[in-house]
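A short write-up of the structure that comes next.
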Amino acid sequence: MVRQAEQAVDNARRFTLEQAAAQLLRRSLAPGAPQDTRTVHTAEGHLQDIGNAWCEVIPLSGARTALVIGDVAEPGVRGIALMGRLRAGLLALAEQDPEPGELLSRLATLTARLARDVHLGLRAPEPLSTCLYLVYDPVEHTCQAASAGHPAPLIGPGDGPMRTAPLDIGPPLGPDRHAYETSRFPLADQSEIALFTSGLTALAEDGPEDGRPHRSAALREALSHARGSLEERCDQALGRFLGRRPTGDALLLLARTRPLPPVDVATWELSDSPEQVASARRSCAEQLTRWGLGDLAFTTELLVSELVTNAIRHGSAPVRLRLIRDRALVCEVHDASSSAPRVCHATGNDERGRGLFMIEEMADRWGVRFDPGGKTVWAEQDIGEETASD
């Protein structure tokens, strides 16, 4: 009896140490509290933290915001390490700003490689993770989303019934690579989006709803009856599940959206004539004066001149110029060409090749994103949150 008691105490001590090390590793790899953007306010809550679920709020170009939620099926320390590697890979891919379906397709390739490492070169029998990537555009009032085996989000007015977003759910991330499709749907003003893990809704005492593995009817009802601030609504919705036992990590990310005011967006349709460059510079300078950002006029005119000239010379009509006043001043030029620009390092005798290099030096951030209609080259200049709110 003494030997058995000694073994039991030793096992308990080792288990406690292992759990403490795992939690320390997870806290170091998991994201902190989601950071709000000007057009998206979020609240996050856990009902039971027993897995490796995680969520992200990522600011993107053009005042857009990405909402991400993922759930790693691998238990223990290996699952925590996998969560950290997937999160790092997703953040790196988000910097390139692809469409949600393309981003998850690239993440699936990364996961397939990680699966070989996690399982020591053997084929993993089960999926490793699910992930949902959603992008909210406050200018176009739309959402783009793709899912790798994750439940579709719930959307609604915030003070009424919620509904499941029209989203095609692809296979989970695992040892096999898959291609994912991007779903697009409009979003009304002042809407709410609920992203959640299957552990919150696939309850132990409840069966699947309509044969589907993810049950969301109870969560839809809870959110439809919740009232108060976003944080209070999140707590009230989670409170409806306190008497039940989730089968996995129970995480809820609730986001309230609002469109960008029309006064903060200026758009000009341009032809492919070189004379349009001077007209675009003048229009931008006048708009910055109306916004009280005249001190940025000189730099912005240079950025506009280079971006519009490149679009006319190397792109295809139609060309659209757009200025967005957010926490940064965003200058976007869209054309119908899908050719990707790249920075050239011109020599002393070259008469070309300095345009994007100048943009890289003058702008705080710049990049390019693609869509079915072509590409958008953008450049940002920080102006501060107080100036943007004015």
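The values are calculated or read from the model by the stated rules, or taken from the named source; none is laboratory data. Since we're looking at a predicted model, the values are computed, not measured. So basically every Cβ, Gly included, is an ideal-geometry build from the backbone, and we count neighbours across all protein chains shown. Each accessible area value is taken on the protein alone, full model and side chains, heavy atoms only, with ligands, DNA and RNA left out. Shrake-Rupley method; radii C 1.70, N 1.55, O 1.52, S 1.80 Å.
Excluding D159 itself, calculate the net charge of residues whose Cβ lies under 15 Å from the Cβ of D159, where each Lys or Arg counts +1 and each Asp or Glu counts -1.
Working: positive: R163, R220, R227, R233, R256, R258; negative: D189, E192, E221, E232.
Charge balance in the 15 Å sphere: +2.
Taking the dipole about the Cα centre of region 242-319, with the C-beta of Lys and Arg at +1 and of Asp and Glu at -1, give me whichever of L251, V277, S305 is farthest to the positive side.
L251
Counting only protein chains, not ligands or nucleic acids, how are E361, E56 ordered by accessible area (probe 1.4 Å), most first?
Working: E361 125, E56 20 Å².
Per-residue accessible area, sorted high to low, gives E361, E56.
Leaving out ligands, DNA and RNA but keeping every protein chain, what accessible area does T299 have, in Å² rounded to the nearest 10, with a 1.4 Å probe?
Roughly 40 Å² of T299 is accessible to a 1.4 Å probe.
Decide, for region 76-202, between rounded, prolate and oblate: order the square roots of the alpha carbon gyration tensor eigenvalues as a ≥ b ≥ c, take rounded if a/c falls under 1.5, and otherwise choose prolate if a/b is larger than b/c, else oblate. Write down the numbers at each step before the final one.
Numbers: a/c = 2.38, a/b = 1.80, b/c = 1.32.
It comes out prolate by the Cα gyration axes.
Starting from the Cα gyration tensor of region 226-338, multiply each eigenvalue by 5, take the square root, and state the resulting semi-axes largest first in whole Å. Kindly include the intermediate steps, with their values, before the conclusion.
Details: eigenvalues 412, 67, 22 Å².
Result for region 226-338: semi-axes of 45, 18, 10 Å.
So what J values fall out for region 216-233 if you push phi through Karplus, 6.51 cos²θ - 1.76 cosθ + 1.60 with θ = phi - 60°, rounded to Hz, Gly and Pro as x?
Couplings: 10, 4, 5, 5, 4, 5, 5, 6, 5, 9, 6, 9, x, 5, 5, 5, 5, 5 Hz.
Using 1/(1 + (r/R0)^6) with R0 = 30 angstrom and r between the beta carbons of M1 and L242, what's the FRET efficiency to the nearest 0.05?
0.15
Just how much of L270 is accessible, in Å², when a 1.4 Å probe is used and the result is rounded to the nearest 10?
Using a 1.4 Å probe on the heavy atoms, I get roughly 20 Å².
Counting only the heavy atoms of the protein chains, how much of I58 is accessible to a 1.4 Å probe, in Å² to the nearest 10?
So the heavy atoms of I58 present about 20 Å² to solvent.
Please turn the phi angles of region 62-79 into ³J(HN,Hα) values with the Karplus equation 6.51 cos²θ - 1.76 cosθ + 1.60 (θ = phi - 60°), one per residue in order, whole Hz, x for glycine and proline.
The phi angles translate into x, 6, 7, 9, 9, 10, 10, 9, x, 9, 8, 7, 5, x, x, 5, 5, x Hz.
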